[in-house]
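Here the structure comes first, spelled out in structure tokens, and everything after it is commentary.
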């Protein structure tokens, strides 16, 4: 018969879960009665609901019948060891955080436990405050991950949205509109700052339309040289230009029956705008160098981070094309207008990049989370994603602290760093190094999209290219939008 005891409390004090709410449920599996009773007393006084089991079999039975937010697991159990039990525990509750407790905390045991899925490792006799801090951190992360899972499940069921995270009012209103307009054939214009997730919304529109089984094709018109954009979109026949050694379909043909996402459409030349307008009006075009018209059925979703109405007034964008695109216009909110989504998005990116790098999911320290919540996020969700990827790669303790966040988030200055590390450098050298770092940071935040970086700096692309060459900045291959 299992030795179990469950004690319930009405609510969670601030020390247990960070805010009032359901008391976190903790399961303790340990064969020593004194250890179980000691942990039970400590955790109950802190407001946790505690269940005790004296061996692996009793613990597995409880896990099969109840949900828990944390498991404290002894390593040296009779029969199967704690490490041997971990795969069976994970099979019952895949996302349950496990803290191993043992009197034999060798490095080999620690490595083996972490590889088997344990989140942390505590050696007997433990420090109560440290153990409580580890428990609160693990539960906070577990709750955040569960909230993300539930949110994604809800969005999937209600909207058929993939990889979109958000529960703020601006995002929920946006989701409702996307779900309403997606089944139509109407052209959609997405407006918003860089990094707000316009391509994700475009994919959601496509996935919720009758075209979902046809291609979704995305092209960043600002990243394609103007002399190649026409061929990219409309294709060409053999011999149309010097390097056209064979005929090639354009993206309008590739997307036939589906959706073509034209990103950064505000960067198009006036000549290309006229060609796009004709396709939108007639649904017909010709290959570059060709003589016969091609009929296509393509839904256009366009996106821009510039004010097209202002561009029309300045003569930089065709008014007739603007009205063709502006059938349905959606404004994507900047991240600073949806701050309650920051913790969810941070947790989402931490898990994504931890899995991508094959490491345990790190935790944000309270100080780091405060930095994220106070920051204005000029680079929006993309900037937050980059910051979390950086934290996952740099942390050596499993916790992301403010010093692991990009300098612009914490207010660190370039000049102070340069003075510390290059005390003998000339003023010219210091200024050049600062300029190099500023440009590199902006390129990283723009995912190495030089056109977008030039727009942020309010300089011509050619000027930015000259600076990149002069400063010997190594330009990386452009990554995710």
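Flag: residue 317 matches the condition of being within 23 Å of residue 205 (Cβ to Cβ), in a loop (DSSP other than H, G, I, E, B) and in contact with a helix residue (DSSP H, G or I) (Cβ under 8 Å, 6 or more places away or on another chain).
Of the residues making up region 258-297, those that are out of contact with any strand residue (DSSP E or B) (no Cβ under 9 Å at 6 or more places or on another chain), more than 20 Å from residue 226 (Cβ to Cβ) and outside any helix (DSSP H, G or I) number 2. Quick check: is even one residue across region 196-204 in contact (Cβ under 8 Å) with a residue 12 or more places away in the chain, under 24 Å from residue 295 (Cβ atoms) and not in a helix (DSSP H, G or I)? Looking for residues that are in contact (Cβ under 8 Å) with a residue 12 or more places away in the chain, under 24 Å from residue 295 (Cβ atoms) and not in a helix (DSSP H, G or I), one finds none in region 196-204, hence no.
Within region 1-48, restricting attention to residues that are modelled with pLDDT under 50 and assigned to a helix (DSSP H, G or I), the residue that is surrounded by the most Cβ atoms within 10 Å (Cβ to Cβ) is 16.
Every condition in (1) in a strand (DSSP E or B); (2) at pLDDT below 90 holds for residue 223 except the one numbered (1).
Taken together, the criteria place residue 409 among residues that are modelled with pLDDT of 85 or more, within 28 Å of residue 164 (Cα to Cα) and surrounded by 14 or more Cβ atoms within 10 Å (Cβ to Cβ). Of all residues in region 331-341, those satisfying the criterion of being surrounded by fewer than 20 Cβ atoms within 10 Å (Cβ to Cβ) and not in a loop (DSSP other than H, G, I, E, B) are 331, 336, 337, 339, 340. From the list 360, 416, the one residue that fits, being modelled with pLDDT under 90, more than 15 Å from the chain's Cα centre (by Cα) and in a loop (DSSP other than H, G, I, E, B), is 360. In a residue-by-residue description of region 237-244, the property of being on the phi > 0 side of the Ramachandran plot and in contact with a strand residue (DSSP E or B) (Cβ under 9 Å, 6 or more places away or on another chain) applies to no position. Among the conditions (1) at pLDDT 90 or above; (2) out of contact with any strand residue (DSSP E or B) (no Cβ under 9 Å at 6 or more places or on another chain), the only one that residue 394 does not satisfy is (2). Annotation note: Cβ proximity below 7 Å between a residue of region 117-136 that is at positive phi and a residue that is outside any helix (DSSP H, G or I) (sequence gap 6+ or interchain) occurs for 117/98.
If you filter region 179-199 down to residues that are under 22 Å from residue 349 (Cβ atoms) and out of contact with any strand residue (DSSP E or B) (no Cβ under 7 Å at 6 or more places or on another chain), you find that the one that is surrounded by the fewest Cβ atoms within 10 Å (Cβ to Cβ) is 193. Checked against the criterion of being surrounded by 18 or more Cβ atoms within 10 Å (Cβ to Cβ), in a loop (DSSP other than H, G, I, E, B) and in contact (Cβ under 8 Å) with a residue 24 or more places away in the chain, region 227-238 contains not a single residue that satisfies it. Evaluating residue 371 against the criteria (1) assigned by TED's automatic domain parsing to the domain that holds residue 399; (2) touching a strand residue (DSSP E or B) at 6+ places or on another chain (Cβ under 7 Å); (3) without any contact (Cβ under 8 Å) to a residue 60 or more places away in the chain leaves one unmet condition, (2). Note on region 363-390: among residues that are under 23 Å from residue 139 (Cβ atoms) and outside any helix (DSSP H, G or I), the one that is modelled with the highest pLDDT is 364.
The values are calculated or read from the model by the stated rules, or taken from the named source; none is laboratory data. Here the structure is a predicted model, which is why all the values come from computation and not from measurement. Don't worry about glycine lacking a Cβ; one is built from the backbone with ideal geometry, like all the others, and counts go over all protein chains shown.
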